[in-house]
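The values are calculated or read from the model by the stated rules, or taken from the named source; none is laboratory data. Please read these numbers as outputs of a predicted model, since none were measured by experiment. A quick note on method: Cβ atoms are made from the backbone with ideal geometry, for glycine too, and the neighbour counts reach across all protein chains shown.
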Amino acid sequence: MNPGSRDRVDVLYQEGAAAWEAGHHAEAAARARSAIALEPGLPALHFLLASALMQGGSWQAAIDAFAQAMARGAAYPMSHNCELQTALARARIDLGHGLLPLQQSLPSVPPFVSCIICSINPVRFKKISANLERLLEGVPHELVGIHDARSLCEGYNRGARQSRGDILLFCHDDIEIAGSDFAARLLHHMACHELVGVAGSTRLAGDAWPYANWPGVHGQIGMPLPATGKITVTAFQMKGRATPRAQVLDGVLMAARRALWQAHPFDQETFDGWHLYDFDFSFSAYRAGCSVAVAHDILVVHESTGNFGAVWQRYARKFMDKHAIAFATPATTAPPQLCTVTVDSAAEWMLFTEHLISTSPR
């Protein structure tokens, strides 16, 4: 390409990106097509075109354009965004054809599930309790609320001692679980693994699990978009329905077999606050040779984000001292690059998930 053409491609790309940011998606697509005609080998041009087509509701054309970006060597995070957006476009095509997510079936004799929740907020506790009661219909279960926990480790241990379940479900009180067949999916994973979460990493690379970075981070977590009913989903590497041999899990939701908790309870002496309890619990299980996994098809909407302040750093130091390891802190480590999509409903999210876990590269 001669310098003049290269300059023209740069101008067209910048104009297209500006149009996309301003919400002028048809104009963005036109600029991208003009640039591609001059230089078809740049993945960023095809990604811009695909993104504009997505906003315009041209799902199949967007899928084709994302494929062109991938074929031309798109690297992470663009490559992962291509995969996520392609799965979302396929989900929207399915919904347009009246297709709904397939429902998994419960085992003939489901185990007893104890849901253990530490909460000092009656409104939140009532909401998550109703959510779990609805989703666990047909499964023997109980809700164990701990409303005066001295720490999450102490509260979870106390709740587990009070419980009767074969499966112990530890979860935050500010979540909502989507998908009507949650119980079937959870019990399927618990038949295969001893400890399961919805997000985590297969490589301990920092004192927060996302610092493993791509491709060591797995699973997905949603956050609500206020007043819209939509959900922003941060999605990581997802190959198949679960990633085995996870080292650390996010504590937003974790399910453990009772035997695992009995052998490796939460360390309430070391972690006497509200941070790193999940990191330590899952990593201790991993180091003991337990089967720890990240489930990809359990959909959790979390209404808060992490807090990596001074108190969190103090507990991170406790974790490193306990396990005799050292790694960089977030202050000195490049933050992970996260990829998100926005889904309009739980059904769309589940269809998106089904397409993603069945098409992610092996």
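Could you tell me how many of the residues in the stretch 148-193 are within 26 Å of PHE319 (Cα to Cα), free of Cβ contacts under 8 Å to residues at least 60 places away in the same chain and of a type outside the set (Asp, Glu)?
Of the residues in that region, 5 qualify.
Name the residue, out of ALA62, ALA87, ALA67, that is assigned to a helix (DSSP H, G or I) and either in the same structural domain as MET350 (by TED's automatic domain parsing) or surrounded by fewer than 19 Cβ atoms within 10 Å (Cβ to Cβ) (or both).
Of the residues listed, the single one that is assigned to a helix (DSSP H, G or I) and either in the same structural domain as MET350 (by TED's automatic domain parsing) or surrounded by fewer than 19 Cβ atoms within 10 Å (Cβ to Cβ) (or both) is ALA67.
So, in the stretch 241-264, how many residues would count as being among the hydrophobic types (A, V, I, L, M, F, W, C), over 16 Å from the mean Cα position of the chain (by Cα) and not in a helix (DSSP H, G or I)?
Adding up the residues that qualify gives 1.
Taking interchain pairs and intrachain pairs at least six residues apart, which have beta carbon atoms under 6 angstrom, with the first residue in the stretch 196-217 and within 22 Å of PHE182 (Cβ to Cβ) and the second crowded, with 22+ Cβ neighbours inside 10 Å and at pLDDT below 75?
Listed by first residue and then by second, the contacts come to GLY200/TRP209.
Quick one: would you say ALA37 is surrounded by fewer than 16 Cβ atoms within 10 Å (Cβ to Cβ), in a helix (DSSP H, G or I) and free of Cβ contacts under 8 Å to residues at least 12 places away in the same chain?
yes
I'm told THR232 meets every condition in (1) under 18 Å from CYS171 (Cβ atoms); (2) out of contact with any Phe, Trp or Tyr (no Cβ under 9 Å at 6 or more places or on another chain) except one. Can you identify the failing condition by its number?
Every listed condition holds for THR232 apart from (1).
Surrounded by fewer than 22 Cβ atoms within 10 Å (Cβ to Cβ), modelled with pLDDT under 95 and farther than 24 Å from GLN85 by Cα: which single residue out of ALA205, ALA184 fits that description?
Just a single option satisfies the conditions, and that option is ALA205.
From ALA74, ALA67, ALA87, ALA35, which residue is under 30 Å from GLY216 (Cβ atoms) and in contact with a Phe, Trp or Tyr (Cβ under 6 Å, 6 or more places away or on another chain)?
Selected residue: ALA87, the only one of ALA74, ALA67, ALA87, ALA35 that is under 30 Å from GLY216 (Cβ atoms) and in contact with a Phe, Trp or Tyr (Cβ under 6 Å, 6 or more places away or on another chain).
Each row is one residue, and each column tells you yes or no for (1) buried (at least 23 other Cβ atoms within 10 Å of the Cβ); (2) in a loop (DSSP other than H, G, I, E, B); (3) not assigned by TED's automatic domain parsing to the domain that holds ILE175.
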{"position": "LYS239", "(1), (2), (3)": "no, yes, no"}
{"position": "PHE266", "(1), (2), (3)": "yes, yes, no"}
{"position": "HIS275", "(1), (2), (3)": "yes, yes, no"}
{"position": "ALA293", "(1), (2), (3)": "yes, no, no"}
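Please specify each residue of the stretch 286-296 satisfying the condition of being under 14 Å from GLY200 (Cα atoms) and either of a type outside the set (Val, Ile, Thr) or without any contact (Cβ under 8 Å) to a residue 12 or more places away in the chain (or both).
Of everything in the stretch 286-296, those that are under 14 Å from GLY200 (Cα atoms) and either of a type outside the set (Val, Ile, Thr) or without any contact (Cβ under 8 Å) to a residue 12 or more places away in the chain (or both) turn out to be TYR286, SER291, ALA293, ALA295, HIS296.
From the list THR270, THR332, which residue is at pLDDT 95 or above and not in a helix (DSSP H, G or I)?
Going through THR270, THR332 in turn, just one is at pLDDT 95 or above and not in a helix (DSSP H, G or I): THR270.
Kindly indicate whether ALA26 is in a helix (DSSP H, G or I) and in contact with a Gly (Cβ under 9 Å, 6 or more places away or on another chain).
yes
Which residues, counting only those in the stretch 257-285, are under 11 Å from ALA316 (Cα atoms) and without any contact (Cβ under 8 Å) to a residue 40 or more places away in the chain?
None; the set is empty.
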